[in-house]
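Trainee: My questions will all concern the structure given below.
Bear in mind that the values in this text are calculations on the coordinates, not laboratory data. Since this is a predicted model, take the numbers as computed values, not measurements. Counting neighbours? That spans all protein chains shown, and the Cβs are built from the backbone with ideal geometry, glycine included.
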Amino acid sequence: MKTKSLKAQIGIFLAIILFLAMFLVSLVWCMFLKKDIVENEIARLEDSLNSLQEIIRSGVQQRDADLLSVTSGLLNTKGIHCFSLKLEEGRSVKEDSGDCFPDGLLAEIERETIKKKQRTIAYHGTSWAVFTFSHQQVFVGKSLFDVNGNISGVVIVGSSLEPLYGKIREESKVVLFYLIINTIIFAGIGLLRMMQIVMKPIERFIVLSDQYTPSSPNFFQEDTNNEFANLSHSLNNLFSRIREDNEKVRKTIALLQLSNLELERNKKEMVRTEKLAAIGRLSAGLAHEIGNPLSIILGYVDLLGLDDLSSEERKTFSKNSQLELDRIKTLIRQLLDFARMENQPEQHISVNDLVKEVIGFIGMEKSFTHCNIILQLDAGRDMVNTHADSLRQILLNCLLNAVDSLEGLKGNGKVIVSTANSADDATSDMLYISIKDNGTGIALEHLDNVFDPFFTTKEPGQGTGLGLFVCHTIIERLGGSIVIGNNPVGENGSEVVITLPLCAPRQIDLH
């Protein structure tokens, strides 16, 4: 529904108020006019009765028929056709009531008039007058007295008020016409004045609001000494406070941006710290893994220095030395790949292949030589869009934590690494990676803190407390989730479950 403009609403409101005010004035005027007309009619009837009193008093010896004729003639000349005349003291009674007196009303008025010995006024019927209902007929009764002051009779006259009401209604039409004209004129004048006093300042405020800029000083200027001047002053103060608040907000945003950049740098530094800690741990194993091939190569070099070797033996020793060098090269490359900072773009990675790569790489760490690693890579769909280095670091951190919990099992420890889709593999859009061990598990009071930075249950110097925090940070960045908990009752150890979104089939086909 379309809303009326403020001008239209004010104009309609003024017109309604003015019309109601004039209508109420007209209504009061009509009420007083009706009252005056009814009182004048009663006065006219009383005047006729007074004249009749004089005639009857002067003509006491007249015959009743002559008296009735004189009375009828007098009242008819005054426009009164409804009357009743009753003479007493043994004289005959003559009445000319016609049908104008309702049943029982005539007798009641006569009794009241004789009883009070003065004028009696009675009303009868209901008729629509002007704006309200009012009496339809009025009756006036008067006692007649002889020359001695004794009651000689009762005369009652009546008149219909309908013609009088009709005249008032005719006059009211003219009043109503002028009322409408005056309402239109005064509403227009009031609207014009209202526009000058109210609407023009409002429109000026609207224009200034459209032109407002944060650098605008003294935004509103109102020279008049009225409410709009007070409003202008208040608005200027408001915009001044808004400018101050905006400046504070800009400074706060700048500080927050700097803080956010600092947090990002710190977060990357913690990720790098944890990665370096893992590298340091793997380096010891790498030194051992490299030492064995080097010893073999040195042996082959010594053999190649002998003079009695056949050409076939030299080829064999050279080939074996090359294989051992390739093995060393592979170990070093894997360590360098893991140590490399994340600067390559995201790509589609096969999680099953990455798990195999990480398992083959960490085999050099001495802790893994005393445990059994079981792979259950059952995920039919394992392609995810991510950074290979990030996911490699997550798997490595989780595996190092798992193998650390196996200390004291003396070769009976095992780590199960599994991948799976949901029950409905055809519609699954998530990949689940589980790393489960049969170690000591996690104390219940520590479960809520395992992802907190610098939280660790290891001895001082044996852990940074950043491993799972870094995993959680990276997983969130990849749009996945990670949860950790103890195995069900009856089973030792704990389980880490990583959830990652799979690539859409169409994306996989495009690459």
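Trainee: Give the long-range amide H neighbours of L431: residues separated by 5 or more places, or on another chain, with amide H under 5 Å away, using H modelled in the peptide plane at 1.01 Å from N.
Mentor: Amide H neighbours of L431, under 5 Å, 5+ apart: L500, L502.
Trainee: Hey, another quick one. Along Cα→Cβ, 7 Å out, is where each label goes; now give me the distance between the ones at R243 and H446 in nm to one decimal.
Mentor: Placing both labels 7 Å along Cα→Cβ, they lie 6.0 nm apart.
Trainee: Could you compute the FRET efficiency for S209 and R477, with r as their C-beta to C-beta distance and R0 at 41 Å, rounded to 0.05?
Mentor: Computed FRET efficiency for S209 and R477: 0.40.
Trainee: Could you line up F186, F361 from fewest to most neighbouring Cβ atoms inside 10 Å?
Mentor: F186, F361
Trainee: Could I ask something else about it? How much length is gained on full extension from S160 to N266, taking 0.36 nm per residue of separation minus their Cα-Cα distance? Numbers along the way, then the final one.
Mentor: Details: separation 106, 0.36 × 106 = 38.16 nm, distance 10.58 nm.
Contour length minus Cα-Cα distance gives 27.6 nm.
Trainee: Could you give the length gained on full extension between I332 and Q118, defined as 0.36 nm per residue of separation minus the Cα-Cα distance, in nm? Kindly include the intermediate steps, with their values, before the conclusion.
Mentor: Numbers: separation 214, 0.36 × 214 = 77.04 nm, distance 13.88 nm.
Once the chain is fully extended between I332 and Q118, it gains 63.2 nm.
Trainee: Cα centroids of segment 380-401 and segment 228-245: how far apart, whole angstrom?
Mentor: If you average the Cα positions of each part, the centres end up 58 Å apart.
Trainee: Per-residue HN-Hα couplings for segment 238-255, Karplus 6.51 cos²θ - 1.76 cosθ + 1.60 at θ = phi - 60°, whole Hz, x for Gly and Pro?
Mentor: After applying 6.51 cos²θ - 1.76 cosθ + 1.60, I find 4, 5, 5, 5, 5, 4, 5, 5, 4, 5, 5, 5, 4, 5, 5, 4, 4, 5 Hz.
Trainee: Now, a different point. Along the Cα-to-Cβ line of R111, 7 Å from the Cα, sits a label point; which residues in segment 153-196 have backbone N less than 12 Å from it?
Mentor: None, by backbone N distance to the label point.
Trainee: Moving to a separate point now. Label points 7 Å out from Cα along the Cβ direction at L409 and I55: separation in nm?
Mentor: In this crude spin-label approximation the distance works out to 13.9 nm.
Trainee: Let me ask something else. Work out the FRET efficiency for H370 and N492 from their Cβ-Cβ distance, taking R0 = 22 Å, and round it to the nearest 0.05.
Mentor: Here the calculated transfer efficiency is 0.85.
Trainee: Anything over 25 Å Cα to Cα? Flag those among K356/K436; K115/K167; K7/K173; K329/K356; K86/K117; K35/K167, in the order listed.
Mentor: Violating the 25 Å limit, Cα to Cα: K115/K167; K7/K173.
Trainee: If I model a spin label at H135 and E227 as a point 7 Å from the Cα along the Cα→Cβ vector, what separation in nanometres do I get?
Mentor: 5.0 nm
Trainee: Any chance you could run the full-extension gain for N40 through Q196? It's 0.36 nm times the residue separation minus the Cα-Cα distance, nm to one decimal.
Mentor: Additional length available on full extension: 51.2 nm.
Trainee: Between S127 and M31, take the C-beta separation as r, use R0 = 22 Å, and let me know the FRET efficiency to the nearest 0.05. Display every interim value, and only then the final one.
Mentor: Values: r = 15 Å, r/R0 = 0.70.
Result of the calculation: an efficiency of 0.90.
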